[in-house]
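Asks: Have a look at the structure that comes next, please.
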């Protein structure tokens, strides 16, 4: 599938997500639904979910896939890089990423997009893994950003999660 087709898939997922989350104002239900849609509609993914900042720690939230790390070591790994740099991270080979946290040794590539509160501060991430090296690219980053923007606009980020640099 070409890049336009792949981005179109993310837009269709986003449209479906918008329709589904309109049925409730519950942010946890929104994240769970987003994780399920992405996990089952994006080919080649092995883990799809969210980590949220709680008392300065990145704690696992709604996800699909194998058991996850519950709390990620502060300022280490791909998810923290997305928070600390406030930028999407696309990693072709996570085993080459400095400080990679191996929750699943089979994971090879990853895309991580920061989630922001209403004031624009990062409060968590959408994290998607694949067992295939080089599985994600800029199209996936852009597609995931579309999903995150829907969650941000839905008020999903009006959370008690706070970012505390330590």
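The values are calculated or read from the model by the stated rules, or taken from the named source; none is laboratory data. Please read all numbers here as calculations on a predicted model, not as lab measurements. A quick note on method: Cβ atoms are made from the backbone with ideal geometry, for glycine too, and the neighbour counts reach across all protein chains shown.
Asks: If you scan the range 1-10, which residues turn out to be surrounded by 13 or more Cβ atoms within 10 Å (Cβ to Cβ) and out of contact with any helix residue (DSSP H, G or I) (no Cβ under 6 Å at 6 or more places or on another chain)?
Replies: 8, 9 - these are the residues of the range 1-10 that are surrounded by 13 or more Cβ atoms within 10 Å (Cβ to Cβ) and out of contact with any helix residue (DSSP H, G or I) (no Cβ under 6 Å at 6 or more places or on another chain).
Asks: Check whether at least one residue in the range 25-40 is closer than 26 Å to residue 155 by Cβ and outside any helix (DSSP H, G or I), and report yes or no.
Replies: Among the residues of the range 25-40, at least one is closer than 26 Å to residue 155 by Cβ and outside any helix (DSSP H, G or I), which makes the answer yes.
Asks: Filter the strands (runs of 3 or more DSSP E) completely within the range 44-142 down to those with at least 1 residues that are touching a helix residue (DSSP H, G or I) at 6+ places or on another chain (Cβ under 6 Å), under 23 Å from residue 28 (Cα atoms) and without any contact (Cβ under 8 Å) to a residue 24 or more places away in the chain.
Replies: Working: elements: 47-54, 57-64, 89-91, 109-116, 122-130.
Those strands (runs of 3 or more DSSP E) do not exist here; none qualify.
Asks: For residues that are in contact with a helix residue (DSSP H, G or I) (Cβ under 6 Å, 6 or more places away or on another chain) and free of Cβ contacts under 8 Å to residues at least 60 places away in the same chain, scanning just the range 17-36, find the one that is surrounded by the fewest Cβ atoms within 10 Å (Cβ to Cβ). Talk me through it step by step, then tell me what you get.
Replies: Just the residues of the range 17-36 that are in contact with a helix residue (DSSP H, G or I) (Cβ under 6 Å, 6 or more places away or on another chain), to begin with: 17-18, 20-21, 30, 33-34.
Checking which are free of Cβ contacts under 8 Å to residues at least 60 places away in the same chain leaves us with 20, 33.
Numbers: 20: 15, 33: 19.
Checked the range 17-36; the qualifying residue surrounded by the fewest Cβ atoms within 10 Å (Cβ to Cβ) is 20.
Asks: So if I check each of 44, 134, 124, which one is crowded, with 23+ Cβ neighbours inside 10 Å and touching a strand residue (DSSP E or B) at 6+ places or on another chain (Cβ under 8 Å)?
Replies: Values: 44 fails: crowded, with 23+ Cβ neighbours inside 10 Å; 134 fails: crowded, with 23+ Cβ neighbours inside 10 Å.
After ruling out the rest, the residue left standing is 124.
Asks: Further question on the same structure: Check off (1) at pLDDT below 95; (2) assigned to a helix (DSSP H, G or I); (3) farther than 20 Å from residue 141 by Cβ for residue 19 and give me the number that stays unchecked.
Replies: The failed condition is (1).
Asks: Additional query: Can you pull out every residue in the range 86-115 that is under 20 Å from residue 146 (Cβ atoms) and surrounded by fewer than 18 Cβ atoms within 10 Å (Cβ to Cβ)?
Replies: 86, 87
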